[in-house]
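Before any comments, here is the structure.
What follows is calculated from the coordinates using simple rules that are stated; it is not laboratory data. Computed from a prediction, not measured in an experiment: that's the story for all the values here. Neighbour counts are summed over all protein chains in view; Cβ atoms, including those assigned to glycine, are modelled from backbone coordinates with ideal geometry.
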Amino acid sequence: MNNDNCCLREIAQKLHVTKRTVDNVLKKYSSTGSVKDQPGRGRKRKLSYTEKEKMVKKAKGGKDAPEIAREYSAKRGRISERTVQRALKEEGLSYLIIQETEALTEKNRKKRLKYAKENRRLKWSKVLFSDEKTFHVGGGSHKRWQDPQHRLKREVFRHPKKLHVWAAAGYFMKSKLFFFTKNLDSDLYQEIIENRLAEKHLTYASDCPKSLRKKWKFLQDNSRVHKAGASMEKLEDMIGNRLIEHPPQSPDLNIVEDIWSHLNRKVQEKNITDIEHLKSTLQREWQKLSFDVIRASVNSMPTRLKDVKNLHGRRTNY
């Protein structure tokens, strides 16, 4: 190529590259006599299985990607933080916020252990589980893959409106949702159970045995409102002695927590801006909720109790 008398700019224009690229190629040719890359240049070798395994162990031990990269570089040769992050992701790890849960007291651990032993043979398909949850308007996914140069934005309220919801569900039945906005007290709770535990407000699965329709057992958590004298009297009037004594600090032993997670994911998929939209979304998703989904959680109860026993009353991963 007869470009000896051409300036860098003319060469770059003809080849549709930058002047820096042309300059680098000429310098490389001048020093090596070739324009080919030297051995060792280009993409680094992939990490071995053993190397990745060691990185995963360090990560699970509490070290972050920069620290792992520094340690690796000091012993085996330079490696970037990005490479470490990619390796950890390939091994199924994600850099997430550490979840915090309320510590169990020794007294409550003993109660959970006793509960697990006493109910190991209970037929959980006969239990109607109940719980409350608070949903907020304007909620949505906090994380999404996006271009760092064009970050996604959404408006949020400093004090978002909220909606409280009560629900009950079991292997063969589920209640209607009950919405409320004021703080739950004993009077309101009595109103909820008197209304939603009534036969006409329970939806039964097509395969529900007729003998179960008035013999199901009821489970609620140990909140003060639930255990208030008037609340307990109302429950006794409605269901007699069919109440299950649930241990304190045990949301992992209530399958409605799984259902709240399911509904919350559905809510976060929507751009909800007002209470009525939130209500209609929850109503629709609750109606669509199949008994197969509920039963998957109910069927896990024996395993949950077994885990509590093996963990000597400590929390399970449910």
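The table that follows gives values for the structure above.
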read-out	value
Coil-residue trypsin sites (Lys or Arg not before Pro) of the stretch 198-251, DSSP, other Cβ within 10 Å capped at 14	R213, K214, K215
Taking the stretch 49-90 and dividing mean pair separation by its residue count, relative contact order in percent (alpha carbons under 8 Å, at least six apart)	38
Choice from L197, L26, L263 with maximal GNM fluctuation in the chain (Cα, 10 Å cutoff)	L26
Amide H within-cut-off set for K217, under 5 Å, with H built and near neighbours excluded	V127, L128
For G170, residues with placed amide H under 5 Å, excluding near neighbours	F129
Estimated inter-spin distance, K63 and R82, nm [label 7 Å along Cα→Cβ]	2.2
GluC sites (Glu not before Pro) within the stretch 216-266, DSSP loop, no more than 16 other Cβ atoms inside 10 Å	E245
Correct choice for Cα Rg over 2.2 N^0.38 Å that was computed from the model, options (1) 1.55; (2) 1.10; (3) 1.04	(1)
Linear extension gain, F179 paired with K54, 0.36 nm per residue minus alpha-carbon span	40.0 nm
Selection of chymotrypsin sites (Phe, Trp or Tyr not before Pro), the stretch 41-106, meeting DSSP coil and at most 10 other Cβ within 10 Å	Y95
